[in-house]
Amino acid sequence: MAISHEFEYIKPKTVNEAVDILAKYGSKASILAGGTDIVVKLKETPFNPEILVDIKGIDELSKIEFSNGVLKIGALVTFSELIDSEIVKTNFPLIHEASTTVASIGTRNRATIVGNICSAVPSLDSGPALLVYEADVIVKNNSGERKISIKDWFTGPKKTAIKEGDLVIGLEIKKPTDKHGTSYVKLGRYRGEDLAQAGVGVFVTESNNYKISFCALGPVPVRATIIENLLNGKSLDEKILNEAKELVEKVISPITDIRASKEYRMHIAKVMLERALLKAKERITSVYHETHDILGG
Amino acid sequence: MSKIHIILNGERRSLHVEPNDILLDVIRDKMGAKSPKCGCDRGDCGACTIFLNGKSVKSCNILAIEADEQEIVTLEGLSENGLTKLQEKFINMNSFQCGFCAPGITIAATELLNHNPNPTLDDVKEALSGNLCRCTGYTPILDAIMSCKK
């Protein structure tokens, strides 16, 4: 199907060139990276930018770098590249695991993690991982560079803290220093390509420090601070797990849509939290990092 | 109109496209390679899967202009020197009925076998999770791919 309206296309070679174009065109410009969301949006919605700025010509944005304990993921790094990166798998296993659950290979070969957070659909699989690792989003415009904490990034369904003229150039994530385990549990309607009906990411250290985040269970992905506060310093037993599950209702606000009802999402989120907590705990000591564990299907 | 170059199945071709032309349409209608099909037209069904710079992608989700100076291989290119072992297995095991999904599935399965000549059934299912088949229930397709194991 053709795209019914016309637009210009430009492919800058440097970040500076790109931000100058974005400054000139303002809200009439749209950034194109992997395109797996934006081309569908161009076909199916009234979205009609005057110019598409394809950033795939900017080589410096395609790198994964890890130095001094900080991981930098460029805006052009695809989910497949993240999955294949030993650096990511070893040091940031939750990003690896969440990436393996995104869509299918043909999409992951093209779709970028930065594009995922810029599209900012509530079900985004990268949300919980980036929230528990407390990533920074690196944004540049023609007046300079700034960091936005991922906790301030998501402002609503498909809405972010990005401003006119901004280009997200990448993500920065500090490697956690304590020995830890992680787990991302995603519920799809079946095994295979599907958006999350619910997702939960858990990070737990040997000394029982917890970080927990949910996606697809509210307008934006969220950190479950009150559950973390309950669990911090405690090891997991049946009593504490039940208390944690009770608190889930205070953290999430699921809706009913084509994929699931809000009642079902509320119920399954508790089950998933328990499984993710136990799995993350188990992985503190297990060397082999298992592949993702989609419920259902 | 912009002039672009695409290396399609080993042959460098020049053509004119509009920025809003979809790669799938251009490959089929302007370049004459008819194996990629338009199914869902939104990146879910995998019928339009091609290799772009050696990686499987959904060509309905890509603008033709993005493919300027890039290398594309479709099913036509894959079997240029005769059928691959995988294709022979697909034929001998009656893997497909209508065949609409076959080009995309062949590309996805070829990518899997190139990277992982000894896949488990789960690996195969994961590799095909972005390709829908409405005829077969998948079993004869999975069987054929599994029979290609080294």
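The values are calculated or read from the model by the stated rules, or taken from the named source; none is laboratory data. Small disclaimer: the values here were computed from a predicted structure and weren't measured. Glycine gets a Cβ as well: all are built from the backbone with ideal geometry, and neighbour counts include every protein chain shown. For the accessible areas, the whole protein counts, side chains as well, though only heavy atoms, and no ligand, DNA or RNA atoms are used. Shrake-Rupley method; radii C 1.70, N 1.55, O 1.52, S 1.80 Å.
State whether the residues of segment B:118-132 include one that is touching a Cys at 6+ places or on another chain (Cβ under 7 Å) and at pLDDT 95 or above. Yes, some residue in segment B:118-132 is touching a Cys at 6+ places or on another chain (Cβ under 7 Å) and at pLDDT 95 or above.
The requirement of being hydrophobic (A, V, I, L, M, F, W, C) and assigned to a loop (DSSP other than H, G, I, E, B) is fulfilled somewhere in segment B:61-71, by at least one residue. Annotation: residue A:110 fulfils all but one of (1) buried (at least 23 other Cβ atoms within 10 Å of the Cβ); (2) within 13 Å of another protein chain (Cβ to nearest Cβ); (3) in a helix (DSSP H, G or I); the unmet one is (3). Residues of segment A:219-269 that are basic (Lys, Arg) and under 26 Å from residue A:119 (Cβ atoms): A:223, A:259, A:262, A:265. The listed residues are B:46, B:82, and the only one of them that is facing chain A (nearest Cβ under 10 Å), in a loop (DSSP other than H, G, I, E, B) and either open to solvent by less than 10 Å² (accessible area, probe 1.4 Å) or over 19 Å from residue A:78 (Cβ atoms) (or both) turns out to be B:46.
When restricted to residues that are polar (S, T, N, Q) and either at positive phi or out of contact with any helix residue (DSSP H, G or I) (no Cβ under 9 Å at 6 or more places or on another chain) (or both), segment A:15-56 contains 3.
Selection of segment A:22-54 for residues being open to solvent by 10 Å² or more (accessible area, probe 1.4 Å), closer than 18 Å to residue A:139 by Cβ and outside any helix (DSSP H, G or I) yields A:29, A:30, A:31, A:33.
Here's the yes/no breakdown for (1) within 14 Å of another protein chain (Cβ to nearest Cβ); (2) open to solvent by 20 Å² or more (accessible area, probe 1.4 Å); (3) within 16 Å of residue B:63 (Cβ to Cβ); (4) not in a helix (DSSP H, G or I):
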{"residue": "A:3", "(1), (2), (3), (4)": "yes, no, yes, yes"}
{"residue": "A:16", "(1), (2), (3), (4)": "no, yes, no, no"}
{"residue": "A:20", "(1), (2), (3), (4)": "no, yes, no, no"}
{"residue": "A:56", "(1), (2), (3), (4)": "yes, yes, yes, no"}
{"residue": "A:61", "(1), (2), (3), (4)": "no, no, no, no"}
{"residue": "A:117", "(1), (2), (3), (4)": "no, no, no, no"}
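The number of residues in segment B:12-46 that are in contact (Cβ under 8 Å) with a residue 40 or more places away in the chain, among the polar types (S, T, N, Q) and more than 25 Å from residue A:37 (Cβ to Cβ) comes to 1. Residues in segment A:29-73 that are under 24 Å from residue A:13 (Cα atoms) and basic (Lys, Arg): A:56, A:63, A:72.
Taking residue B:126 as the residue in question, decide whether it is in contact (Cβ under 8 Å) with a residue 40 or more places away in the chain and within 13 Å of another protein chain (Cβ to nearest Cβ). Against the criterion (in contact (Cβ under 8 Å) with a residue 40 or more places away in the chain and within 13 Å of another protein chain (Cβ to nearest Cβ)), residue B:126 does not qualify. The requirement of being over 22 Å from residue B:41 (Cα atoms), within 13 Å of chain A (Cβ to nearest Cβ) and assigned to a loop (DSSP other than H, G, I, E, B) is fulfilled somewhere in segment B:104-118, by at least one residue.
Among the residues making up segment B:53-64, a single one is surrounded by fewer than 22 Cβ atoms within 10 Å (Cβ to Cβ) and either within 9 Å of another protein chain (Cβ to nearest Cβ) or on the phi < 0 side of the Ramachandran plot (or both): B:55. Taking the criterion of being among the charged types (D, E, K, R), within 22 Å of the chain's Cα centre (by Cα) and open to solvent by less than 60 Å² (accessible area, probe 1.4 Å), the residues of segment A:210-258 that qualify are A:211, A:228, A:257. Going through (1) more than 10 Å from chain A (Cβ to nearest Cβ); (2) of a type in the set (A, V, I, L, M, F, W, C); (3) open to solvent by 10 Å² or more (accessible area, probe 1.4 Å) one by one, residue B:67 falls short only on (3). Taking residues in segment B:64-75 that are touching a residue at least 24 places away in the same chain (Cβ under 8 Å), and partners anywhere that are of a type outside the set (S, T, N, Q) and open to solvent by 30 Å² or more (accessible area, probe 1.4 Å), the pairs with Cβ atoms closer than 6 Å and at least 6 places apart or on different chains are B:64/B:21; B:65/A:9; B:69/B:5; B:71/B:7.
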